[in-house]
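Taking it in order: structure first as structure tokens, then the write-up.
Nothing in this text is a laboratory measurement; each read-out follows from the coordinates by a stated rule. Keep in mind it's a predicted model, so treat the numbers as computed, not measured. Cβ sites come from the backbone with ideal geometry, for glycine too, and all protein chains shown count toward neighbours.
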Amino acid sequence: MLNNPIVRALITVFKWFPVVFISAVVIWSYYAFVVQLCVLEIKSECEKAMYLIFYHFFFVMFAWSYYQCLFTNAARIPDRFHLPPEQVAQIDSALSIRNYDSAKTLLESFGRNLPVYTRGFNGDIRYCEKCKAIKPDRAHHCSVCERCIVKMDHHWINNCVCFNNYKFFILFLAYAMLYCLYISLTDLQYFIKFWKDQLTEGSAKFHILFLFFISTMFMISLCTLFSYHIYLTLTNRTTIESYRPPVFSGGPDKNGWSLGGWANFTEIFGDRKLLWFLPIFSGKGDGSGYPSNSARNTLPVTADPQTDIEALSSPSLKSNGHGHSFPIRVAEEDRDDLLRRSQWSEEGAGDENPVVNFSYASSSLRIENERRPHNSLF
């Protein structure tokens, strides 16, 4: 039924309803503040001019950030992570007859030199059966976008928040919060006059009343969400990773990507301070590789150590983007099978970084199907 063109068209239209609703609220707030409050109610020309100048600054930055969140295409995983058609056919054939050893061998061969730290929760390499690709670190398959997204945070309204628009999302929250706060503070004295029955008679008094209530309500909600994402930024986690920590070769580690507050911040916002407050991409890397600070990470041991050195220094494996580079490690097999199913138990479940023991059991292939987290803004 979902493949029906009419059904898919209706779903696409439905996805834009939240955007239309938010846009309608913003347009009404513009009319209520500029026309009803500033033009019709405020008598002082100096006060009116100051209110309008600062209001339009917050309005423009808020609208610009919102536009960038909505219309910046979510970053796809690079082509080098996609398996060639002949290997896809062989893996699908092996999986159809449950020949996991053959499928593992093919994935091991293809993923040997890819820059990947993490595994699935059972210790297997993360392979997306839908996209026919090995997932880069921090990438997940979005069931709404129907493809793997680089450094996916969550699906929001009609787009994925991910590597290349996460900065825009944070700025959107910040400017939307400041926009609502500014309206609340400037409207407060006229809100008080409303209750004292000192406002000019007409519809303006009701616009001023509802403008204060709605802006205050949104400001409180946005403040909470903005604070949470600042915390995620400074700890270098995504929303998905805050609920499900990444699994490295030594086990789960929720702080595995954290390099310190300042380094975590500049990874998203970049080193050019003039661009920090503008919804223009200025982050580091290309989204397919990240430096790790996890004590659970170990360099894979191979029969030929020189192979690892050459792979780590290969220019083709460096995560380059916008003039920045990240050190990359290769996701190569240990001396034991890389993709064997593992069973792990936590010692000291209350500890921040529990010790995880992996015990390898029967052979099987891990196919991860991601689900969208249930924490969108609207």
Which of the lysines could a cross-linker bridge to Lys196, judged by Cα under 19 Å and excluding same-chain residues fewer than eight apart? Lys43, Lys205
Distance in nm between pseudo-label sites at Val19 and Ile220 (7 Å out along the Cβ direction from Cα): 3.1 nm
Could you pull out every residue, at least 5 positions away or on a different chain, whose amide H is within less than 5 Å of the one on Arg147? Hs are placed 1.01 Å off N in the peptide plane, and Pro or chain starts have none. Cys142
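Going through segment 61-159, which GluC sites (Glu not before Pro) have at most 13 other Cβ atoms within 10 Å and a DSSP loop state?
Passing sites in segment 61-159 are Glu146.
Seen from all sides and averaged, what is the projected area of the convex hull of the Cα atoms in segment 225-276, in nm²?
On the way: hull surface 16.2 nm².
If you wrap the Cα atoms of segment 225-276 in a convex hull and average its projections, you get 4.0 nm².
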Express in whole angstrom the spacing between the alpha-carbon centres of segment 166-230 and segment 61-124. 44 Å
Grab the Cα-Cα distance for Val144 and Arg244, subtract it from 0.36 nm times how many residues apart they are, and report the gain in nm with one decimal. 34.1 nm
What dipole magnitude, in Debye to the nearest 20, does segment 61-197 give about its Cα centre under +1 on Lys/Arg Cβ and -1 on Asp/Glu Cβ? 180 debye
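Which pairs, out of Lys104/Lys151; Lys15/Lys167; Lys15/Lys132; Lys151/Lys273; Lys15/Lys273, put more than 32 Å between their alpha-carbon atoms? The partial results should precede the final answer.
Details: Lys104/Lys151 25 Å; Lys15/Lys167 23 Å; Lys15/Lys132 27 Å; Lys151/Lys273 23 Å; Lys15/Lys273 35 Å.
Cα-Cα > 32 Å for Lys15/Lys273; rest within.
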Quick one: which residues, 5 or more positions from Trp156 or on another chain, have an amide H under 5 Å from its amide H? H modelled 1.01 Å from N in the peptide plane, none for Pro or chain starts. Val161
For segment 79-161, take N as its residue count and report Rg(C-alpha) divided by 2.2 N^0.38 Å. 1.14
Using +1 at the C-beta of Lys and Arg and -1 at the C-beta of Asp and Glu, which of Gln68, Pro84, Ser29 has the Cα lying farthest in the positive direction of the dipole of segment 1-89? Pro84
Give me a comma-separated list of calculated 3J(HN,Hα) values for segment 27-39, in order, Karplus coefficients 6.51, -1.76, 1.60 applied at θ = phi - 60°, integers in Hz, x for any Gly or Pro. 4, 5, 4, 5, 5, 5, 6, 6, 7, 6, 8, 6, 6
Extension gain (nm, one decimal) between Ile6 and Ser96, 0.36 nm per residue minus Cα-Cα: 29.2 nm
Label zone at Phe57 (point 7 Å along Cα-to-Cβ), backbone N below 14 Å, segment 179-199: 179, 182-183
Arg80 to Phe213: FRET efficiency via 1/(1 + (r/R0)^6), r the Cβ-Cβ distance, R0 56 Å, to the nearest 0.05? 0.60
